[in-house]
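Okay, so here's the structure we're looking at.
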Amino acid sequence: MPLDNVVFWVFAPIAVASAIAMLVQRNAVHAALLLIVNFFCIAVFYLLLGAPFLFAVQVIVYAGAIMVLFLFVIMLLGVDRGDTLRERLVGQRPAAIGLGLALALEVFFAVRAGVGFAAKAPVGFEKVNAGGNAQALARVLFRDYFFPFEATSVLLIVAAIAAMVLAQRKARAITQAGAEAAGRGEVA
Amino acid sequence: MDLLDWVLLVARVVIVFFALLIVVMVLIWFERKVVADMQTRVGPMRAGPRGVLITLADGVKLFFKEGITPTNADRPVYAIAPILAMFPAFLAFAVIPFGTHVHVFGRDVPFQLADINIGILWVLAMASPNVYGIVLAGWSSGSNYPLLGSVRSSAQMISYEVGMGLSLVAVLMYSGHLSMTAIVDQQAGVFHLLGLGWLPFPRWNFVPQFPAFVVYLICSLAETNRPPFDLAEAETELVAGFHTEYSGIKFAMFYLGEYVNTVTVAAIAVTLFLGGWRGPAYPAVIHWFWPLLWFLLKLVLVMYVYVLIRATLPRMRYDRLMSFGWKVLIPFGLVWVLATGAVVVLPEVYGRRAVLVGAAAILGTVLLVSSLPALFTAGKKEQVRS
């Protein structure tokens, strides 16, 4: 058995197990931890498929993003762990079950129809990656798709700035109201 | 790959692992001695000659201490956190070339664990699990000081990772490679300063990339939670920060992880900015000796700078630290990346001479325009005074 297959069969069960464990986990921080395990396994799969750049991005971006999620969990739920996940939205559970079943059916029929199972390796993959995977990706992103790439980054920046402006306004309104109340002597 | 290759690979991993442990041992002694010297103390002096075995003694002591788990702790996470804080630092070292290669059993064995073509990205990727160790330690201890310390330190590390990433981006744009070996090769040869034939200087990246070097040094201090950025464990405010509730071998793992991290970060500085293992090689009996020696010398030099900073600067206030990172380092890094891009790409497109003339013209205009208001106000002040 080639080394790639050994690595795959070591990491694939971990990936599936961590995903399932994450779903049934009641503790939010433990769930986030299991999600990280899952993301690392997927990163290893990218490495096996000859996409080291995607591996690095998966680890840096997703692990970094989960980090923020972690902080939110810790800050919002506090130190006391426990059953904090209560159902808030009405009718969420039946909707989730219905959509999940639909997805399962879709995957089942897609697999039966043979979609998503490449019988042979993609054509010309080695040739494209000749100068290195990251370099090949950079060539595509910054030459062929330069304009869409830059437009997307501008969109993201605009969204981030908009969120900051909205949050700022709310915070300022609150502090202003507080200051006025204090000025009228309502807050001792 | 046959059996011999596997044996050599495993041997390299084991050797690098133990070499890192020994370097850490010496580093801690070195740091304590230098700091003691600057405070006119003797420093450790009992264990071994001049106290060089102090770290070993500390390690043995910690090993045999009782490991206490707080009743409030989240057990599995509490146990995983020290491991997460220690291993990524070792893993990041895997891409660092610390010498040329050596010929054994008919094979060329490089002085590097893995020359992967995403070298710098691997280093960044290994920086993120490290943060988890600290956050999880703080959260799982089930106590307030560790939690506060870990929230602080994770915010700090995420912020300074951005600045660090920007300085690394500038280097990789300048050298045009992601692989560590390729970056070291790019730094071969000499500059001829001032266009003169004499006064040769090695083509190390810290000359053309000096601002990026400074940004990297500052960010690396913050990344490794070293003074003056050690707010995660500010003992005047937070007892010991995220590892307050840890004792015995688990605490030793945090301690070790922090120092391995320091070594790794310094080794990256050496590789990317100081020419890696390159240096004048005098004829020697053993050809791999000089590169290894140069690498170690440069490593000690960077460490010495870290220790000097620790011994001289007071701890920063937390809000100042954050605003320095976000409002100074990151904008500066962005501008520097832009400038590096212009320097790399524009001469290819327009030719060297045109770009130099253009840059001089822009610089002159900017200087002139920015000095105009100052000239006028200076005149007014004179009038008021008279």
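The values are calculated or read from the model by the stated rules, or taken from the named source; none is laboratory data. Just so it is clear, the model here is predicted, and its values are computed rather than measured. Glycine also receives a Cβ, built like all others from the backbone with ideal geometry; neighbour counts cover every protein chain displayed. When the accessible area is computed, the model is the full protein with side chains, heavy atoms only, and any ligands, DNA or RNA have been set aside. Shrake-Rupley method; radii C 1.70, N 1.55, O 1.52, S 1.80 Å.
Counting Cβ atoms of other protein chains within 10 Å of each Cβ in B:113-121 and taking the mean gives 4. Among the listed pairs B:Lys33/B:Lys65; B:Lys250/B:Lys298; B:Lys33/B:Lys61, which are separated by more than 27 Å between their Cα atoms? In this structure, B:Lys250/B:Lys298 exceed 27 Å between Cα atoms.
In chain B the longest region clear of chymotrypsin sites (Phe, Trp or Tyr not before Pro) that are loop-assigned by DSSP and have at most 15 other C-beta atoms within 10 Å covers B:199-386. The slack between A:Ala96 and A:Phe125, meaning 0.36 nm per residue of separation minus the straight C-alpha distance, is 6.6 nm. Can you give the FRET efficiency for A:Ala163 and B:Leu334, using 1/(1 + (r/R0)^6), R0 = 22 Å, r = Cβ-Cβ distance, to the nearest 0.05? Working from the Cβ atoms, E equals 0.65. How would chain B be classified by its alpha-carbon gyration tensor: rounded, prolate or oblate, with rounded meaning a/c under 1.5 and the a/b versus b/c comparison settling the rest? Taking the square roots of the gyration eigenvalues as a ≥ b ≥ c, chain B is oblate.
At full extension, A:Phe142 and A:Trp9 could sit 44.3 nm farther apart than now, given 0.36 nm per residue minus the alpha carbon distance. Residue by residue along B:73-82, Cβ atoms of other protein chains within 10 Å of the local Cβ number 1 on average. For A:Gln135 and B:Phe289, a Förster radius of 51 Å and the Cβ-Cβ distance give a FRET efficiency of 0.90, rounded to the nearest 0.05.
The amide H of B:Val102, built 1.01 Å from its N in the peptide plane, has B:Val109, B:Phe111 as neighbours under 5 Å, considering only residues 5 or more places off or on other chains. Positive contributions from Lys and Arg (+1) and negative ones from Asp and Glu (-1), summed over other residues with Cβ under 9 Å from the Cβ of B:Gly275, come out at +3. With a simple spin-label model that places each label point 7 Å from the Cα along the Cα-to-Cβ direction, the separation between B:Trp326 and B:His103 comes to 5.8 nm.
Both chains summed, the buried accessible area for B and A stands near 2200 Å², from protein heavy atoms and a 1.4 Å probe.
Accessible surface area normalised per residue over segment B:56-350 is 43 Å², counting heavy atoms of protein chains with a 1.4 Å rolling probe. Applying 1/(1 + (r/R0)^6) with R0 = 25 Å to the Cβ-Cβ distance of B:Arg317 and A:Leu156 gives a FRET efficiency near 0.20. With contacts taken as Cα pairs under 8 Å and at least 6 residues apart, chain B reaches a relative contact order of 21 percent.
Over the residues of chain B, the helix contribution to mean residue ellipticity at 222 nm works out to -22500 deg cm²/dmol, using -39500 (n - 2.57) for each DSSP H run of at least 4. Taking 7 Å steps out from each Cα toward its Cβ at B:Leu356 and B:Asn72 produces label points 6.7 nm apart. The figure for B:Asp115 is an accessible area of roughly 90 square angstrom, using a 1.4 Å probe on the protein chains alone.
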